[in-house]
1. Could you please let me know if residue 99 is among the β-branched types (Val, Ile, Thr) and in contact (Cβ under 8 Å) with a residue 40 or more places away in the chain?
2. Return the only residue of 143, 131 being open to solvent by 40 Å² or more (accessible area, probe 1.4 Å), within 14 Å of ligand 2 (Cβ to nearest atom) and out of contact with any Leu (no Cβ under 9 Å at 6 or more places or on another chain).
3. Quick check on the range 36-59. Is at least one of its residues modelled with pLDDT of 95 or more, touching a Ser or Thr at 6+ places or on another chain (Cβ under 6 Å) and more than 16 Å from ligand 2 (Cβ to nearest atom)?
4. Looking at 62, 50, 44 in this structure, which one is in contact with a strand residue (DSSP E or B) (Cβ under 8 Å, 6 or more places away or on another chain) and open to solvent by 40 Å² or more (accessible area, probe 1.4 Å)?
5. Looking at this structure, is residue 65 in a loop (DSSP other than H, G, I, E, B) and touching a residue at least 40 places away in the same chain (Cβ under 8 Å)?
Amino acid sequence: MPKIRTAAATAAMACLAGLALAPSQAQAAGTVHIYKVYYDSPGSDRGGSSSLNAEYVQIKNSTGSAFQMQGHKLKDSSGHAYVFPSYRISAGKTLKVHTGKGTKSAGHLYMGRSAYVWNNDKDKASMYKPTGALRDSCSYNSTRADYKMC
Ligand SMILES: [Ca+2]
Ligand SMILES: [Ca+2]
């Protein structure tokens, strides 16, 4: 009865293929999270504007809809804090929060500081919701790298 066996095998394979699709569908619900901390700007840290702004925290919105950051807070281990102005991250997009001064533009916000925030050896970036609850954090402890993918 080779024909029947073939039909059964085809049905079983179709069933397995259906099951295999399930995990990727489950990943569709994303988060707004800290994606990268670039803590040691390229070159020597002389404090110029371009060096200060090459130090940044990148946030990613991996959800399927735009997300308003207003009122969120970004903090380092020693308590330096930045409160987000009104800024919408589109679905799937990222936002860099630079340490130095600059003008807000698509994909870029500026803490407006004249000194570095993120320690070059170890530190922890924490992002809080407007309610004060922790949304996400990312810590690192290495001078061998200049940035951390969270
Ligand atoms: Ca630094
Ligand atoms: Ca450096």
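1. Values: among the β-branched types (Val, Ile, Thr): yes; in contact (Cβ under 8 Å) with a residue 40 or more places away in the chain: yes.
It is true that residue 99 is among the β-branched types (Val, Ile, Thr) and in contact (Cβ under 8 Å) with a residue 40 or more places away in the chain.
2. Working: 131 fails: within 14 Å of ligand 2 (Cβ to nearest atom).
When all the criteria are applied, what remains is 143.
3. Yes: one or more hits.
4. Every option except 62 fails the conditions.
5. On the way: in a loop (DSSP other than H, G, I, E, B): yes; touching a residue at least 40 places away in the same chain (Cβ under 8 Å): no.
So residue 65 does not fit the description; no.
The values are calculated or read from the model by the stated rules, or taken from the named source; none is laboratory data. As the structure is a computational prediction, the values presented were derived from the model and not from experiment. FYI the Cβ positions are ideal-geometry reconstructions off the backbone, even for glycines, and counts take in every protein chain you see. Side chains are part of the model used for accessible areas, which takes the heavy atoms of the whole protein and leaves out ligands, DNA and RNA. Shrake-Rupley method; radii C 1.70, N 1.55, O 1.52, S 1.80 Å.
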